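Novice: Supplied in structure tokens, the structure appears directly below.
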Amino acid sequence: MVNLASQIGCMMSASAVIVIGLAFGAGYLLDRVFDTGNVLTLVFLVGSFPVTLFAMIQIGLRMQMRMQKQLDQLKKQTQEETQLAQEEEKQA
């Protein structure tokens, strides 16, 4: 579980860096092409924050579902082991 939780943090950080980096790169490139100073870079950077937030929420929700599936599997496995132990006690 701890491993998966740390993966969530890493994936969220990586997605933020990627989205903001792409926004900066695209804005900078378009500023140079259209000779607009730094206007498009700033617009793209400001616009990247909602996109980053959306991406982070989606990653968090997907990972939460994944963690829930793992917990359900562990519960099922524990229940099966408990039932087997009870059956063995009855037989003994």
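Novice: Show the residue pairs that are 6+ apart or on different chains and have beta-carbon atoms under 7 Å apart, the first residue being within the stretch 3-19 and in contact (Cβ under 8 Å) with a residue 40 or more places away in the chain and surrounded by 16 or more Cβ atoms within 10 Å (Cβ to Cβ), the second being of a type in the set (Gly, Ala, Ser) and part of a helix (DSSP H, G or I).
Specialist: Listed pairs, sorted by first residue: Ile8/Gly60; Met12/Gly60; Ser15/Ala55.
Novice: A follow-up question, please. Could you tell me which residue of the stretch 48-75 is farthest from the chain's Cα centre (by Cα), considering only residues that are farther than 18 Å from Leu4 by Cβ and either exposed (fewer than 13 other Cβ atoms within 10 Å of the Cβ) or among the charged types (D, E, K, R) (or both)?
Specialist: Among those residues, the one meeting the criterion is Pro50.
Novice: Scan the stretch 21-38 for residues that are loosely packed, with under 13 Cβ neighbours inside 10 Å and within 17 Å of Val51 (Cβ to Cβ) and jot them down. It would help to see each step written out before you state the result.
Specialist: Of the residues in the stretch 21-38, the ones loosely packed, with under 13 Cβ neighbours inside 10 Å are 21, 25, 32-35, 37-38.
Within the stretch 21-38, Gly21, Gly25 qualify.
Taken together, the values in this text are just the output of simple stated rules run on the coordinates, not laboratory data. Since we're looking at a predicted model, the values are computed, not measured. Neighbour counts run over all protein chains shown; Cβ positions are idealised from the backbone, glycine included.
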